[in-house]
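Participant: Before I ask anything, let me first share the structure, which is written out below as structure tokens.
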Amino acid sequence: MDRLAATIEARRGADLASSWTAQLLAKGPAKCAEKFGEEAVEAIIEAVRGDRARLAAEAADALYHLAVMLAACDVPLSDVWAELERREAQSGVAEKAARG
């Protein structure tokens, strides 16, 4: 994921005619979020269908589009990793109970 994020950043200013990533980023955060949502739904559909190969392909699309959306919103993956690390210190059950 870190390598993917670096590639996305490198393509931020690339020629729009040759880079899908540059095209997405040029359209802004809302379009990037829309594309992520589409890919996430496609992954859900394949999970329900039980097609493991298609699920893997759609999950890869979803992860790519998640990384593009984060880049469009100027949220580095390091922020996501830090949040996940913070959450490791508390069980999901305890965290949900604390929400009240």
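Participant: Filter the range 27-49 down to the residues that are within 17 Å of Ala71 (Cα to Cα) and more than 14 Å from the chain's Cα centre (by Cα), then identify the one that is least open to solvent (accessible area, probe 1.4 Å).
Facilitator: Gly28
Participant: Could we say that Ala56 is of a type outside the set (D, E, K, R) and either exposed (fewer than 14 other Cβ atoms within 10 Å of the Cβ) or touching a residue at least 24 places away in the same chain (Cβ under 8 Å) (or both) here?
Facilitator: Considered against the rule, which asks whether it is of a type outside the set (D, E, K, R) and either exposed (fewer than 14 other Cβ atoms within 10 Å of the Cβ) or touching a residue at least 24 places away in the same chain (Cβ under 8 Å) (or both), Ala56 comes out as yes.
Participant: Further, regarding this structure: Please find, within the range 59-97, the residue that is most open to solvent (accessible area, probe 1.4 Å) out of those that are part of a loop (DSSP other than H, G, I, E, B) and modelled with pLDDT of 95 or more.
Facilitator: Among those residues, the one meeting the criterion is Asp74.
Participant: Hey, another quick one. Is there a residue in the range 10-26 that is open to solvent by 70 Å² or more (accessible area, probe 1.4 Å), within 23 Å of Trp81 (Cα to Cα), in a helix (DSSP H, G or I) and in contact (Cβ under 8 Å) with a residue 60 or more places away in the chain?
Facilitator: Within the range 10-26, not a single residue is open to solvent by 70 Å² or more (accessible area, probe 1.4 Å), within 23 Å of Trp81 (Cα to Cα), in a helix (DSSP H, G or I) and in contact (Cβ under 8 Å) with a residue 60 or more places away in the chain.
The values are calculated or read from the model by the stated rules, or taken from the named source; none is laboratory data. Worth saying up front: this structure is predicted, and the values here are computed from it rather than measured. Reconstructed Cβ throughout: ideal geometry from the backbone, glycine too, with neighbour counts over all protein chains shown. Surface accessibility is based on the protein's heavy atoms, side chains included, excluding ligands, DNA and RNA. Shrake-Rupley method; radii C 1.70, N 1.55, O 1.52, S 1.80 Å.
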